[in-house]
Amino acid sequence: MWPKVLDTLKHKHNTLYGVVRMAQPSFLADDTLQLAFAFAFHEKRIKEASNRQKLSDVIYELTGKNVTLECIVDKSASPPEVSLEVENTVEPPEKTPPADLAAISNIFGTAELLES
């Protein structure tokens, strides 16, 4: 489930994704999700009410469960290896042919064309 949570955050709340991806998640009893961070900065960001709400909403959207978030600082915590496949949907731009000399002449009239 965690890779889906990260992928959804990446698309909906990219800044929050940058913080949450640093967490080492573990489920505890009573639908509690513990997020362990190696740095207090990341833990502090998740403890902000708006960020907690966004993360809870994404988890609820994916699982249908309301979870309690518990954030801790653990210097030995390391995020799990998560592979998010990136789908390349961007087409490379088409190369346009150089402007036709006749079109340039139509714009500039009888001006002298200098080659560089």
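No value in this document is a laboratory result; all are computed from the given coordinates. Just so you know, these numbers come straight off a predicted model, no measurement behind them. Virtual Cβ from ideal backbone geometry, glycine too; neighbours counted across all protein chains shown.
Given the conditions (1) outside any helix (DSSP H, G or I); (2) more than 17 Å from residue 66 (Cβ to Cβ); (3) not acidic (Asp, Glu), and given that residue 19 satisfies all but one, which numbered condition is not satisfied?
Just one mismatch for residue 19, condition (1).
Scan region 22-46 for residues that are among the charged types (D, E, K, R) and part of a helix (DSSP H, G or I) and report the count. Steps first, answer last, please.
Taking region 22-46 first, the residues among the charged types (D, E, K, R) are 30-31, 43-45.
In the following step, the residues that additionally are part of a helix (DSSP H, G or I) were identified as 43-45.
Matching residues across region 22-46 total 3.
Of everything in region 1-27, what is over 15 Å from residue 63 (Cβ atoms) and either hydroxyl-bearing (Ser, Thr, Tyr) or touching a strand residue (DSSP E or B) at 6+ places or on another chain (Cβ under 7 Å) (or both)? Give them in sequence order.
15, 17, 22, 23, 24, 26
Under 7 Å between Cβ atoms, which residue pairs at least 6 apart in sequence (or on different chains) link something in region 49-73 that is in contact (Cβ under 8 Å) with a residue 40 or more places away in the chain and part of a helix (DSSP H, G or I) with a partner that is surrounded by fewer than 16 Cβ atoms within 10 Å (Cβ to Cβ) and not basic (Lys, Arg)?
As it stands, the answer is 62/1; 63/1, since those pairs meet every condition given.
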